[in-house]
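First up is the structure itself, then whatever we jot down about it.
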Amino acid sequence: MKKCTLLIILCVAFSTSSFALITQGNWRWRNNNGSQTSATWKAAENQSITINSIDSILRLRIQLQNTTGENKGFNANLQVASSPNGPWRYLTNFDNNNPFKITMVNTAVTDLAATTQQLSSTGNAFIPGKLLARTNELSQSMDNNTVTEYEYSIQPTENITAGTTYYFKIPNLDYPLSLPSIKTTANINAKAKLLANGSFEKNMQNWQFKKRAGVVATAAIIDSLYKDGLKSLQVNITSRGAAPDVGLQHDVIAFKKGKVYMVRFWAKAKKRSAKMKLVIKGPGKLLQYDYKLYTGWEEFQFAFKAADARAALVFVFLSNTEYNIDKVEILDETNNEIDVAMNYMWQNNRPENEYAWLSADGQISEPLPDGRTVWTFSDGWYGYNDTTTNSMNTHQLLRNTLVLQTADKPNGILHTMIGGTVDAPKAIMEPPNPVGHDDFFWPRDMIVENDSLKVLLPDVVQLNENDPLMYGNREAVAVFSLPDLTLHSIKWMPWIGTLQYNTLCKADDGYTYAYAAREINPYESHAVVARFPTGHFSATTPWQFLTDTGWSYDYQNSKEIADVNLYSVVRMGPNHYVALFMTPLSDKIEVEYAQSPIGPWVNRSIVGQTEGQADIMSYFALIHEETENNGNYTFSYCNIGDIGQMLDDKTVYWPTFQRADLKSLSPFTDGSPVAKMDAFDAKPEDNTKVLLQWKMATETGNDHFIIQHSANGKTGWRNVATIKSRGNSLDAQSYNTYDLQPVNGNNYYQLVQVNKDGSSNTSDVKVVTLNIETPTVKVYPNPSNGDAFIALNNYSGTHIKAEVTDINGRLILSKNIQVQKNGNYAIPFAGKPAAGVYNVVIKGDKLNETMRLVIQ
């Protein structure tokens, strides 16, 4: 992926496509008090409005015109910024940290309804546009010399800032007119921020610039359109002295002790690697974190647990240079866009005395059965983590590792697993028969099967020293034992061809699906899919590939199932799937949804946005399914800059963890519970009992099983056993029980699988024929002169009980006798009984016989 990114940049630089753009023209605000024809306008055309509440839905109508001379495509996303020059944020369906959102529900209008012409005519032919009340991602096209109108249903969020003007636009158009705008009043009901005036829009309010005597340094508010609003802070140090004597301090901030917070800020310096320190200064504890700044704007962060209920935030400037700071903010662990707890764990919870992961990409996670989580990474920097600095002191790069997370965020401890030794570290997974100058694995998805962790390993090859890296047209599977994560094997899968498979998803139908991307051009890839039986991810079970004619073992005719690369696919519930992805060079993180792992994939939506840091590329959007909580998932993307940036700032080559309620955007709901029976069998054992075995390919919503028996296979079904389900699982599960009381002859069995909702499924009937030998017993000689014996045949027990009574029912003898299947055993009279007639009763396993014995 890193190499593809460089190729894309070159392609952009030499693109020869037409640069004429669609024009964003007239616009108008309206109330949400009716349909698009009956709702009243809030202001005249191209006139800004002022709002004093976040509680009402607003509608913005925008005109688009194409006079470029050709058909043109555009994306109808709406963006917002607090300055007319950005930076711009997409409106999504979530509050996130944005001031506005696309409404999820609007009863006044219908999402994607066709628009009619309502703004001033341009003289060109009108074509209907769309009304977006829920949809936030929509690709469209316009013929030349046409005009259209789009209307957006939006609502302010609690993240809005009082006394601010916000601007709106559809991206990548021409803007000859002023942009649509909204002003907020000073008393709008916005959420109180933990850190006031973090963007310096109120100049130095809440901040104090401090310097010691003899220091030559200045602080000034300057016009800045970089990150938020129209201003930023510039600190210029000519001579800082021998000690850290220049600082910027914010007023005391209220925290909740023990809770997790994150400071985020944007900064740059005129001198590369300029040093700066962030301090959380409380009465009980001082938290410090060191930074080295880049010459372009980057976003920095520091996650911490509050040690005091009140503390000040301080920046200390440690180099003679010019610093710029903007959009300083503090987020708590309830933030619904940034996963603060996850960021805290990765920053702080790597033991400093352990050789560990410092930064890397390819951050794929897999929950383990015992509650732990395992992560795999591609190229990464390794050494000893220093939790007091954002820079690294290492030159050790490893191609792949595993990291074991011991508990849930934010408290999980992270232990790194490498190959080799600390003195001579190497990747934990290496090709068994390497080729070329360099050959290694960049690991991709993982699954747990049959008490093992299995990792999908695309091969990366450099044939000669100066050749580029490329996909080696082969993939392997690594098998680690659980719970110890010992590597047992790495084997090639011979059926993999020129497409690189990256993503695995266990489905409801007993198969695991693997997704690859077919490159159309450097900017576009389309998904293809393969499958294998769940529980059989190995080098010996061939995959099937979806083609136009169905499933085939020939990968060459794989059909495309989506017009994007489905880079991360997760099952959210029965017959309910989500795919997360980023298209090359896009700053959008998007999703699509399906009711089947093969699609159709629909409802493309924006769920997140990359930050757009200087000279840093973002890629690899991934869902972390173990984080799911009522439809909310943590997802991440990778960042990469040059090596100097990486070493100065860990987060340059570090996953960015965001989160969102992905399930809320789906047009589907969870399907009916799925419990798929794979096999049911009945077979005799020892000709005296019947073994009943069955296997479930998947179990979701299953409650229990009932084994039923019939003597004729049609009527008289009786319950033999009831077995409780082991719980929901997409992995195969095996069960067994016995019928200890079958009948002689034919025994008919069926399995009834009962769901939690009371519905059930019944298996085919299985028949077992038994020729059960009936035990026989006789007493001899009869009549007897005093000695008598028991003759026993076909008896399966180990003991019998002999009882002798006289003609009046008086007990003469009662004795337990140890016996074998066949044999003769004396009746142990104490002496010769009196002449007469006696009853002899023999009892045992399936044996109860009464006989007359005559004593002469």
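The values are calculated or read from the model by the stated rules, or taken from the named source; none is laboratory data. Worth saying up front: this structure is predicted, and the values here are computed from it rather than measured. Neighbour counts are summed over all protein chains in view; Cβ atoms, including those assigned to glycine, are modelled from backbone coordinates with ideal geometry.
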Exercise. Got a sec? Which strands (runs of 3 or more DSSP E) wholly within segment 623-703 have at least 1 residues that are surrounded by fewer than 16 Cβ atoms within 10 Å (Cβ to Cβ) and either among the aliphatic types (A, V, I, L, M) or without any contact (Cβ under 8 Å) to a residue 24 or more places away in the chain (or both)?
Worked result: 675-685, 689-699
Exercise. Got at least one residue in segment 470-484 being assigned by the TED database to the domain that holds residue 402 and under 20 Å from the mean Cα position of the chain (by Cα)?
Worked result: no
Exercise. Within segment 730-740, is there a residue that is more than 16 Å from residue 674 (Cβ to Cβ) and assigned to a loop (DSSP other than H, G, I, E, B)?
Worked result: yes
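Table: residues versus (1) modelled with pLDDT under 90; (2) closer than 10 Å to residue 751 by Cα.
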site	(1), (2)
672	yes, no
678	yes, no
686	yes, no
691	no, no
700	yes, no
705	no, yes
708	no, yes
717	no, no
728	yes, no
Seminar exercise, completed: residue 444 meets each of (1) surrounded by fewer than 20 Cβ atoms within 10 Å (Cβ to Cβ); (2) at negative phi; (3) at pLDDT 95 or above with one exception, condition (1)
Exercise. Does residue 512 satisfy being assigned by the TED database to the domain that holds residue 417, in contact with a Cys (Cβ under 8 Å, 6 or more places away or on another chain), among the hydroxyl-bearing types (Ser, Thr, Tyr) and more than 30 Å from residue 77 (Cα to Cα)?
Worked result: yes
Exercise. Would you pick out the residues in segment 389-435 that are of a type in the set (S, T, N, Q) and in contact with a strand residue (DSSP E or B) (Cβ under 6 Å, 6 or more places away or on another chain)?
Worked result: 389, 390, 391, 394, 396, 400, 401, 405, 416
For this session: Could you please let me know if residue 213 is without any contact (Cβ under 8 Å) to a residue 40 or more places away in the chain and outside the structural domain of residue 317 (by the TED database)?
Result: no
Problem set entry | Those strands (runs of 3 or more DSSP E) lying entirely in segment 211-285 with at least 3 residues in contact with a Phe, Trp or Tyr (Cβ under 8 Å, 6 or more places away or on another chain), over 18 Å from residue 313 (Cα atoms) and not hydroxyl-bearing (Ser, Thr, Tyr) | 231-239
Exercise. Looking at segment 76-175, what strands (runs of 3 or more DSSP E) fall wholly within it and have at least 1 residues that are at pLDDT 95 or above and closer than 24 Å to residue 194 by Cα?
Worked result: 79-81, 100-102, 146-156, 165-169
Exercise. Residue 199 versus (1) surrounded by 20 or more Cβ atoms within 10 Å (Cβ to Cβ); (2) free of Cβ contacts under 8 Å to residues at least 12 places away in the same chain: which is the lone unmet condition?
Worked result: (2)
Exercise. Has segment 54-77 got any residue that is touching a Leu at 6+ places or on another chain (Cβ under 7 Å), on the phi > 0 side of the Ramachandran plot and surrounded by fewer than 21 Cβ atoms within 10 Å (Cβ to Cβ)?
Worked result: no
For this session: Would you mind telling me which numbered condition in (1) touching a residue at least 24 places away in the same chain (Cβ under 8 Å); (2) assigned to a loop (DSSP other than H, G, I, E, B); (3) exposed (fewer than 15 other Cβ atoms within 10 Å of the Cβ) residue 772 fails?
Result: (3)
Exercise. Inside segment 704-729, can you point out the residues that are over 23 Å from residue 450 (Cα atoms) and either touching a helix residue (DSSP H, G or I) at 6+ places or on another chain (Cβ under 7 Å) or part of a loop (DSSP other than H, G, I, E, B) (or both)?
Worked result: 711, 712, 713, 714, 715, 716, 717
For this session: Quick one: in segment 405-435, of everything that is in a strand (DSSP E or B) and within 15 Å of residue 478 (Cβ to Cβ), which residue is nearest to the chain's Cα centre (by Cα)?
Result: 417
For this session: Please work out which one of (1) in contact with a Gly (Cβ under 8 Å, 6 or more places away or on another chain); (2) of a type in the set (Val, Ile, Thr); (3) within 30 Å of residue 224 (Cβ to Cβ) is the condition residue 157 fails and give its number.
Result: (1)
Exercise. Taking only pairs six or more apart or across chains, which ones have beta-carbon atoms under 6 Å, a first residue in segment 457-483 that is over 15 Å from residue 537 (Cα atoms), and a second residue that is of a type in the set (Lys, Arg)?
Worked result: 459/474; 469/3
For this session: Would you mind stating whether residue 235 is in contact with a helix residue (DSSP H, G or I) (Cβ under 7 Å, 6 or more places away or on another chain), surrounded by 17 or more Cβ atoms within 10 Å (Cβ to Cβ) and at pLDDT 95 or above?
Result: no
For this session: Name, by its number, the condition in (1) of a type outside the set (Gly, Ala, Ser); (2) in contact (Cβ under 8 Å) with a residue 24 or more places away in the chain; (3) not in a loop (DSSP other than H, G, I, E, B) that does not hold for residue 815.
Result: (2)
Exercise. If you scan segment 381-403, which residues turn out to be touching a residue at least 60 places away in the same chain (Cβ under 8 Å) and touching a Leu at 6+ places or on another chain (Cβ under 7 Å)?
Worked result: 381, 391, 392, 394, 402
Problem set entry | Enumeration of residues in segment 724-751 that are surrounded by 14 or more Cβ atoms within 10 Å (Cβ to Cβ), of a type outside the set (Phe, Trp, Tyr) and closer than 25 Å to residue 506 by Cα | 725, 728, 729, 730, 731, 732, 733
Problem set entry | Test: residue in segment 197-210 that is at pLDDT below 95, touching a Gly at 6+ places or on another chain (Cβ under 6 Å) and assigned to a loop (DSSP other than H, G, I, E, B) | yes
Problem set entry | Residue check for residue 503: of a type in the set (Val, Ile, Thr) and within 20 Å of residue 449 (Cβ to Cβ) | yes
